[in-house]
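No value in this document is a laboratory result; all are computed from the given coordinates. From a predicted model like this one, the values you see are computed outputs, not experimental measurements. So basically every Cβ, Gly included, is an ideal-geometry build from the backbone, and we count neighbours across all protein chains shown.
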Amino acid sequence: MFLERADVILSFQSDFLGSDANAPLYIRDFAARRRISGSSDRMNRLWSIEGFMTLTGTNADQRLQVRPDEYGAPGFHSGSPPE
């Protein structure tokens with residue numbers, strides 16, 4: 001992964017900052033874009049979609065909790081429920 005280059009990161013039930021075998025590398029790359037040292041620096045944004053709380057979800061700017069049995073639902077969306 002090239003997390004240090006990403007402006008937006010979407011994590012779909014992936015705890016890449018916690019339980020992943022490469023977590024130390026991903027933490028370093030993710031954190032590189034969370035430090036603002038100048039006025040032109042831009043911070044990345046992390047969105048997490050998960051069924052249970054993870055370290056990645058805890059660090060997310062936006063976290064959407066979805067029941068595991070709804071992951072593949074054809075009507076899955078992050079907006080308002082259909083009428």
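Apply 1/(1 + (r/R0)^6) to the Cβ-Cβ distance of residue 39 and residue 70, taking R0 = 41 Å, and write down the FRET efficiency to the nearest 0.05. Display every interim value, and only then the final one.
Numbers: r = 42 Å, r/R0 = 1.02.
The computed FRET efficiency comes out at 0.45.
Can you list residues from other chains, or at least 5 along the same chain, whose modelled amide H is less than 5 Å from the amide H of residue 45?
8, 9
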